[in-house]
Structures are given as structure tokens and as C-alpha cells.
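The values are calculated or read from the model by the stated rules, or taken from the named source; none is laboratory data. Since the structure is predicted, the reported quantities are computational estimates derived from the model, not experimental observations. All Cβ positions, glycine included, derive from the backbone under ideal geometry; neighbour counts span all protein chains shown.
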Amino acid sequence: MTIAALTFFAIAATMPLMRVTSSGISLGADLFSGPQRLAQQGIGELALVVIFTTVAAPFLKLVGTAYVLIGLRLPRPPHHLRAVFTWIERLRPWAMVEVYLLGVFVAYVKLVDLVHIDIGVAIYALVALMLATVAADAMLDRHAVWEEMERRGVVRHPPATHEASSKGSIGATVAATGRAVACETCDKVAMVQGAGRHECPRCGAHLHDRKPNGIARCWALVIAAAVLYIPANIYPVLSIVQLGNGAPSTILGGVEELVAAKMYPLAALVFFASILVPMLKLCGLVLLLVTTQLRRAERLVDRVRLYRIVTIIGRWSMIDIFMISILVALVQFGAIITIEPGFGAVAFASVVIITIFAAESFDPRVMWDAAAPSGRT
């Protein structure tokens, strides 16, 4: 399935997404057209975000997965396979092909009344790529891959860190060898001694009892995202210049346009993904932080579920950013009609990215630590 996904990715990257025609002028766009146009408009930061999440991260994730799986079938697997698989795990949240497809669909709906649109082969390839990627992720057992690396000798255990014993009492092992620390990358539980720097015996990642300064870093990122959320909704994300007259549009204005066009399901989708999700994510993180610092012990399991929801839904807010990258690439017809990105798009993309990092900074285990009776964990 990974090889199939790479095949579909090659088609999507080399074939056109859409072609629009207006007043005898025809323009086409592919996966790279949006970032190129954003860079030409002086918004290189936004161009980098789009190209990384739609091209670089999905491609590296697929290539890395194929490389690891093929490498494990070699008589002597290379030892750097564990580093490659570690980076695959870190890239996983940033590969947003499915979110990009929704952005393309929203862009299509916005353009259908302005210009004539022809769907390109790349759209169908992206749909196939999304399905193949979902199937590959569902079939891949991450723990089986790590265990195979251990069996084949790819993993070298550092002498300072000991693997948790699979026999006998874990409590006895902890008492004899140190304390148990779970790896955040590969989920391995290792026994470590002392307060020095330790590495996971399986993937090589740094081991921490809890994420260092997780509460403070999460608060800083949440406050930064909350500050940027205001200009993200006040300033226009794009401007439609038609026959010399500009009409700036905010995120909420885009929703209102869809409602006016009686596209209620799509309007609800954009409203939820672009307005409600960032707000709910910020509120959810604040709730987790406040209840943890107040040492509240109520509904801990529900708060863990809330944390998992927060980490999953944040990426879907990128729909508007991907839609803008398609629109600015396709609608450039001089004095007739042109679409230009606005400052609101940069602020909104910053909110989405910062909240993703904020969720990663928070350690849900500290909620249980804070709620435990004094002297117990």
C-alpha cells in the first residue's frame, strides 16, 4: 500500500490539478503552483507551510516507510533504520493530504460561479493517494516494526539504560535497577538510573520522566496563539479584485458567502474547521492547564480524551490556507479578476501551527501527577 501511495503521489505531483478559463484566458495549477504564487506575492512563510504539509511531509513519510520496510527484509538491515522510522513518527501529524483535498473542494465551489473549471488528473490521484495512505497506516503495526528491528539487531542498547524486564514483577525491577520511563516516540518502557541524560534503548530518543517545562511552554504557545487569533479573524485572508474593485474577505466572510450561495453543508464545514476548531482547541488547552495547576482530580479520564481530541482536530483548520493557495494560483486574469492573499492568512496559519506545537508540549501525565495525593504518583 505504501508503494501504491508513492505511485499515486508521483502522478499527483506531475499532473495538473485544475484548469480554469475566463474571457478566453486559460490558467492551470498543480501542487506547486499555489506555493510559487504565494512566494511571488511576498508571503514566503505561508508558501513554505503549504509546500511542507502537502508535498514534503507526505513524500518523506511514504519514502521513509518504504525504506524501513524494505530495509528490514535485507540480510543485514542498516542501523540507521531506527533513526528513519523515528523521523517518520514525527512527520506523521504534518502530512495533510486529506486536509488539502478538502481545501481543493472548497476552492472549486468558490470558483465554479466565477470561471469555467476543468478537473485535472492530479485530483483523482490525490483521492487515491489519501485512500492508499489511510490503508497503509491502518495496516502498519508500529510496535511490530520496532520489535523486528530489535530481533534483527538494528537496535543497540546503550549501557546506561536498561530495558524493562518482561519476566517477574515490574515493581521489583524498578526497585533493583532504577525508575521506569516510557519513551514518547516508540512507547518502550526503559529502566534508568540517576538524573542524567538517558536515551531510549530502542529508538534512541531522549527519555524524560515528564516533558521538560511542559506547562510553561504550553502556556506560552497558547497565549501566542490567542493573540494571533484576533488578527486572523479581523484581517482579510484574501482579496478578490474584479474589474479594478477589490473586495477583501475574512474567514467569517467566506462562511457568509457560502451561506448566501445556499451551500449550507460546506459553510458548516468551513465554519467548524476554521473558526470553531481553533477556538475550541485554545479553550481545551486552557482548561487542561488550569485544572492541572489547580490540582483537580475530577474527570481525569475525560480530560485525557479531551487532550487526544485536541491533538487530532487541530490540523483540519488548514483547510482555508490550502484553499487560498489554490485560488491565488488559478485566478490571475489581470484587470478582469484576480485573487490575492491577505495578512489574515498568515496570522491564521500561525495560529494553527502554534496550537499544534502547544498540544505537543503538554504532557497529559502531569494531570495525574497533580491529582495524586501528596508524596504519591
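Show the residue pairs that are 6+ apart or on different chains and have beta-carbon atoms under 9 Å apart, the first residue being within the stretch 327-349 and outside the structural domain of Q36 (by TED's automatic domain parsing) and at pLDDT 80 or above, the second being assigned to a loop (DSSP other than H, G, I, E, B) and among the basic types (K, R).
none
Considering each of I70, I11, I25, I51 in turn, give the residue that is among the hydrophobic types (A, V, I, L, M, F, W, C), touching a Phe, Trp or Tyr at 6+ places or on another chain (Cβ under 9 Å) and over 19 Å from L126 (Cα atoms).
Exactly one of I70, I11, I25, I51 is among the hydrophobic types (A, V, I, L, M, F, W, C), touching a Phe, Trp or Tyr at 6+ places or on another chain (Cβ under 9 Å) and over 19 Å from L126 (Cα atoms), namely I25.
How do the helices (runs of 4 or more DSSP H) wholly within the stretch 294-364 filter down when requiring 1 or more residues that are under 12 Å from the mean Cα position of the chain (by Cα) and under 23 Å from N213 (Cβ atoms): which remain? Please lay out each step first, then the result.
Values: elements: 300-313, 319-330, 343-361.
Once the helices (runs of 4 or more DSSP H) in the stretch 294-364 are filtered for at least 1 residues that are under 12 Å from the mean Cα position of the chain (by Cα) and under 23 Å from N213 (Cβ atoms), what remains is 300-313, 343-361.
To keep it simple, each residue is scored yes or no on (1) more than 23 Å from D320 (Cβ to Cβ); (2) in the same structural domain as L327 (by TED's automatic domain parsing); (3) part of a helix (DSSP H, G or I).
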{"site": "F8", "(1), (2), (3)": "yes, yes, yes"}
{"site": "V20", "(1), (2), (3)": "no, yes, no"}
{"site": "P35", "(1), (2), (3)": "no, yes, yes"}
{"site": "L38", "(1), (2), (3)": "no, yes, yes"}
{"site": "L46", "(1), (2), (3)": "no, yes, yes"}
{"site": "V49", "(1), (2), (3)": "no, yes, yes"}
{"site": "T54", "(1), (2), (3)": "no, yes, yes"}
{"site": "F59", "(1), (2), (3)": "yes, yes, yes"}
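What is the residue count in the stretch 256-274 for residues that are surrounded by fewer than 20 Cβ atoms within 10 Å (Cβ to Cβ), of a type in the set (A, V, I, L, M) and under 19 Å from Y229 (Cβ atoms)?
0
Checking G34 against (1) touching a residue at least 24 places away in the same chain (Cβ under 8 Å); (2) surrounded by 16 or more Cβ atoms within 10 Å (Cβ to Cβ); (3) farther than 21 Å from D118 by Cα: exactly one of these is not met. Which one?
(3)
Just one of (1) surrounded by fewer than 16 Cβ atoms within 10 Å (Cβ to Cβ); (2) more than 17 Å from V155 (Cα to Cα) trips up A132, so point out which.
For A132, the failing item is (1).
Which residue is nearest to L280 (Cα to Cα), if the candidates are limited to the stretch 307-319 and must be buried (at least 24 other Cβ atoms within 10 Å of the Cβ) and of a type outside the set (A, V, I, L, M)?
Of everything passing the filter in the stretch 307-319, G314 is nearest to L280 (Cα to Cα).
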